[in-house]
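Written below as structure tokens is the structure these notes are about.
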Amino acid sequence: MSDDFLTTINTQSWANGRHEVQCVKVVYETADVRTFCFGSTTPIMHFFKPGQFVTFELEINGQQVLRSYTISSSPSVPYSFSVTIKRIPDGQVSNWMHDNLKPGDLLAVHGPVGRFNCIDIFDDKVLLLSGGVGITPVMSMARWWYDTNTNVDMMFVHSARTPKDIIYRRELELVDSRIDNFSLNFICEHVENGESWSGYTGFFDRKKLDIMAPDFMERTVFCCGPPPYMTAVKNMLIAAGFDMAKYHEESFGAPPEAALLDAEQQADDNANLEIVHEDLLQIEFSHSGKSIKIKPGQTVHAAAALLSLHIPKGCGMGMCGTCIVKKTAGEVEMSHNGGITEEDEAEGFILSCCSIPQSDVSIEY
């Protein structure tokens with residue numbers, strides 16, 4: 001390996017945007033969970049904040065599909081990154097990934113983005129709560145703190161269906177055996193015939209919380225899992241009088257019904273509304289040389305759709321960051337959910353799906 005190659009690796013790093021990556025390894029975690037490891041096609045160090053996610057741009061049955069997954073690896077191992085995906089019955093993307101994605105395959109990802117991370121939200125005493133495959137963001141955090149020898153007091157509590165469904169079990173037990181600032185507890189909903197299990201059984205409740213983390217009131221909580229799990233955790237903490245400003249969660253559940261409308265549909269819904277001509281706003285897309293006047297309340301994405309300009313979009317609620325574009329003039333009101341960084345905002349970037357023009361606007365697209 002030449003010195004020039006090493007210099008190239010050390011001088012390039014990942015940033016929020018669209019990247020071509022290659023699958024380099026597939027790890028079988030449990031019967032229905034796999035970890036997919038990726039590297040860039042050019043030498044790049046993959047820096048991100050533990051807990052953040054990327055959005056995959058896939059083609060399934062001839063249709064473009066976008067899906068967001070938390071990065072499960074740690075940026076302390078920066079020359080690749082991984083996502084851990086559970087096969088879901090009738091899950092379009094998870095089934096496709098499990099059945100088709102193999103080492104050597106190329107695909108595109110957008111990101112990394114997300115407010116749910118242990119860099120922007122920091123405490124030296126944390127309680128990491130996860131259910132099922134929701135373990136991925138908190139595992140990235142735990143790996144980061146472990147690899148960097150950070151003096152963070154970690155209590156890690158994971159809930160699974162059965163002992164054989166515990167993701168990363170051996171790695172977590174290894175971490176627990178090697179450092180004294182890590183406390184590990186598993187809870188299994190039930191134990192199947194033939195399994196040996198001496199840990200907690202049932203569901204995570206206040207009694208178990210008091211035993212596992214008696215000082216939970218003093219900790220910052222990071223929580224991720226299925227919606228019923230997170231709802232139960234929140235209700236339990238609220239009932240305990242916990243300061244919910246110290247509670248943080250991540251979920252890639254279905255977006256609200258309004259967010260599911262395509263930009264084209266949003267435009268059609270407003271097509272017959274009467275409006276004074278002077279109230280229309282001019283939206284220009286400078287690279288394509290197109291412009292249009294839109295009604296107040298419509299998004300930049302809807303304006304692009306009316307001009308037959310296709311800005312890629314994933315979640316439709318400002319979370320995945322796929323629809324990012326650069327604004328060069330004008331003002332917008334952007335209501336996002338962590339899909340864009342403060343640095344990108346400072347440079348003029350916006351998320352088109354959740355940005356409503358407040359004046360005439362010019363977009364680089």
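Only one of the numbered conditions (1) among the basic types (Lys, Arg); (2) over 15 Å from Arg219 (Cβ atoms); (3) over 19 Å from the mean Cα position of the chain (by Cα) is violated by Arg115, and that is (3). Only one of the numbered conditions (1) in contact with a helix residue (DSSP H, G or I) (Cβ under 8 Å, 6 or more places away or on another chain); (2) farther than 18 Å from Tyr28 by Cβ is not met by Ile119, and that is (1). For region 335-361, a residue qualifies if it is more than 22 Å from Pro50 (Cα to Cα), of a type outside the set (A, V, I, L, M, F, W, C) and either not in a helix (DSSP H, G or I) or not assigned by TED's automatic domain parsing to the domain that holds Pro312 (or both), and the qualifying residues are Ser335, Glu347, Gly348, Ser355, Pro357, Gln358, Ser359, Asp360. Taking region 213-241 as the range and being crowded, with 19+ Cβ neighbours inside 10 Å and either free of Cβ contacts under 8 Å to residues at least 60 places away in the same chain or under 19 Å from the mean Cα position of the chain (by Cα) (or both) as the test, the residues that pass are Val221, Phe222, Cys223, Cys224, Gly225, Tyr229, Met230, Leu237. If you go through region 253-290 and keep only what is at pLDDT 50 or above and either crowded, with 16+ Cβ neighbours inside 10 Å or part of a strand (DSSP E or B) (or both), you end up with Leu281, Gln282, Ile283, Glu284, Phe285, Lys290.
Selection of region 118-129 for residues being under 15 Å from the mean Cα position of the chain (by Cα) and crowded, with 24+ Cβ neighbours inside 10 Å yields only Cys118.
Annotation: Ala303 fulfils all but one of (1) assigned to a loop (DSSP other than H, G, I, E, B); (2) under 21 Å from Gln358 (Cα atoms); the unmet one is (1).
Scanning region 326-342 for residues that are under 24 Å from Thr70 (Cα atoms) and touching a residue at least 12 places away in the same chain (Cβ under 8 Å) returns Met334, Ser335, His336, Asn337, Gly338, Gly339, Ile340, Thr341.
The values are calculated or read from the model by the stated rules, or taken from the named source; none is laboratory data. Small disclaimer: the values here were computed from a predicted structure and weren't measured. Heads up, the Cβs are rebuilt from the backbone with ideal geometry, glycines too, and the neighbour counts pull from every protein chain shown.
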